[in-house]
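Below is one structure, written out as structure tokens; comments come after it.
The values are calculated or read from the model by the stated rules, or taken from the named source; none is laboratory data. Quick caveat: nothing in here was measured; it's all calculated off a predicted structure. Here Cβ is always computed from backbone atoms with ideal geometry, including for glycine, and neighbour counts include all displayed protein chains. Heavy atoms of the whole protein, side chains included, go into the accessibility calculation; ligands, DNA and RNA do not. Shrake-Rupley method; radii C 1.70, N 1.55, O 1.52, S 1.80 Å.
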Amino acid sequence: MTTQETKATYPAKITGIVPALVTPFDDKGDLILASAEKLIAKYVKERADGLYMLGYTGEGWCMSMEERKAWTEAVLKANAGQIPVIVHVGYGSLDEALELTKHAVRHGAYATSSVPLSNSATMQDNTVYFRAIAEASEVPFYIYWNQEIVDSDTGRRPLASKLADELLACRNIGGIKYTDSNFYYLERIRKYKPELNLLTGVDSMVNAGALLGADGAIGLLQSVTCGHMRTMWDAYQAGDLERAHQLQIRANNLYEMLDRPEIGVIAGAKAILAHEGIEGLPKQPSGLLSNPALVKELLDVYQANIVN
């Protein structure tokens, strides 16, 4: 199946719930490639609207190029065009990002994505970087907005109108994974760039993002609450705001548990997935999975709150 054949089955924009895909490792730190089919089957069943892989949740930041390519191939082969998959290609040099972009597109990615350059990089620096990746292929490119991008002319966050005219005017910029709680700025981006696919990355505020213009939401929490959040999204879209609100609160009850320092969001998500029969450990060491009492407490909160 070619990239064009795969893309043709997808909508122009991703709307709804997009799990951030975990990357499963064994106790030796090797990839468990067989988990790709189980993960895809889970998210197809739970009506995921897309998947985002190899970002923070996917631990792309601590994986080698070879590992990232192997996991990308396994996921895209298992997916076989069922769900649009955005492959994160950042965290390294521009040359590495371009190599990963070509690889992901060759294997059928819906889109690619990257975090900005270093914290000291300006909007103007990032415009050069993002444009190079976006123009390296014909698939959409999504900015992973995980820090405030500063305008070198003012030393402040750029006006949304200027951001639209400069950074977001690059060819093939398809959207933003907006991991920022300043939803005023999100709404301004929507005003000046209405065609952009805006997906929030603040898992605990999905409905709030939608209220101010987001098309959907990407996040780690969705990796273990996809069906629950899809029900929540449907309720919001149907105008049942009270039900949507209550389902967000229940999801946040789980997030509060995952965010505890002795658990950790990645290790906690993988513990829940392991309970569902999808094995996988974090790449980085975690004490959670050797603490049965803490795992039980986490699973109790999950089972008490999440509707699948």
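When the accessible area of the chain is computed with all protein chains present and a 1.4 Å probe, what percentage of it is carbon and sulfur?
Solvent-exposed carbon and sulfur of the chain make up 52 percent of the total.
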Exercise. Mind checking which aspartates and glutamates have their C-alpha under 14 Å from residue 283, skipping anything on the same chain fewer than 8 residues away?
Worked result: 26, 27, 30, 59, 67
Problem set entry | For region 168-178, Karplus couplings with θ = phi - 60° (6.51, -1.76, 1.60), whole Hz, Gly/Pro x | 7, 8, 4, 4, 6, 6, x, x, 9, 8, 8
Exercise. Where both residues lie in the chain, what percent of DSSP beta bridges are antiparallel, nearest 5?
Worked result: 10 percent
Exercise. Over region 111-181, what is the relative contact order in whole percent, taking alpha-carbon pairs under 8 Å and six or more residues apart?
Worked result: 40 percent
Seminar exercise, completed: In Å, the Kirkwood estimate of hydrodynamic radius for the chain over Cα pairs equals 19.5 Å
Problem set entry | Sequence of 301, 139, 128 from largest to smallest accessible area, 1.4 Å probe | 128, 301, 139
Exercise. Among the DSSP beta bridges whose two residues both lie in region 80-232, what percent are antiparallel, rounded to the nearest 5?
Worked result: 5 percent
Problem set entry | Positive dipole terminus of region 88-238, leading residue within 146, 127, 208 (C-beta point charges) | 208
For this session: Note down the magnitude of the dipole of the chain about its Cα centre, charges +1 on Lys and Arg C-beta and -1 on Asp and Glu C-beta and zero elsewhere, to the nearest 20 debye.
Result: 520 debye
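Strictly over 25 Å apart at the Cα level, which of 28/102; 42/296; 77/102 would you flag in this model?
28/102
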Exercise. Taking only C-alpha pairs under 8 Å that are 6+ residues apart, what is the relative contact order of region 1-105 in percent?
Worked result: 31 percent
For this session: Provide, as a two-decimal number, the C-alpha radius of gyration of region 166-308 over 2.2 N^0.38 Å, N being how many residues it has.
Result: 1.16
Problem set entry | Selection from 58, 19, 290 lying farthest towards where the dipole of the chain points positive, charges on Cβ | 19
Exercise. Taking a probe of 1.4 Å, how large is the accessible area per residue of region 1-155, in Å²?
Worked result: 41 Å²
Problem set entry | Computed label-point distance, nm, for sites residue 184 and residue 12 using a 7 Å Cα→Cβ extension | 3.1 nm
For this session: Provide the solvent-accessible area of residue 166, counting protein heavy atoms only and rolling a 1.4 Å probe, rounded to the nearest 10 Å².
Result: 70 Å²
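Based on the Kirkwood radius over alpha-carbon pairs, what is the Stokes-Einstein translational diffusion coefficient of region 1-143 at 25 °C with 0.890 mPa s viscosity, in µm²/s?
160 µm²/s
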Problem set entry | region 95-148: proportion of alpha-carbon pairs further apart than 18 angstrom, % | 28 percent
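Please tell me the relative contact order of region 108-267 in percent, rounded to the nearest whole number, where contacts are Cα pairs under 8 Å and at least six residues apart. List each step's numbers first, then the result.
Values: 232 pairs, mean separation 24.6, N = 160.
Dividing the mean separation by the residue count of region 108-267 yields 15 percent.
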Seminar exercise, completed: Taking r as the C-beta separation of residue 135 and residue 276 and R0 as 41 Å, the FRET efficiency to the nearest 0.05 is 0.55
For this session: Quick one: accessible surface of residue 161, probe radius 1.4 Å, all protein chains present, in square angstrom to the nearest 10.
Result: 40 Å²
Exercise. Which order do 68, 260, 156 take by accessible area at a 1.4 Å probe, largest first?
Worked result: 156, 260, 68
For this session: With a point put 7 Å past each Cα toward its Cβ, work out how far residue 157 is from residue 303 in nm, to one decimal.
Result: 4.2 nm
For this session: Round to the nearest 10 and report in Å² the accessible area of residue 38, as given by a 1.4 Å probe over the protein chains' heavy atoms.
Result: 110 Å²
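Per the Cauchy relation, a quarter of the hull surface: what is the mean projected area of the convex hull of the alpha carbons in region 251-300, in nm²?
Dividing the Cα hull surface by four gives the mean projection, 3.3 nm².
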Problem set entry | Phi-based couplings in Hz for region 277-291 (Karplus 6.51, -1.76, 1.60; Gly and Pro marked x) | x, 10, 6, x, 10, x, 5, 8, x, 9, x, 4, 6, 9, 10
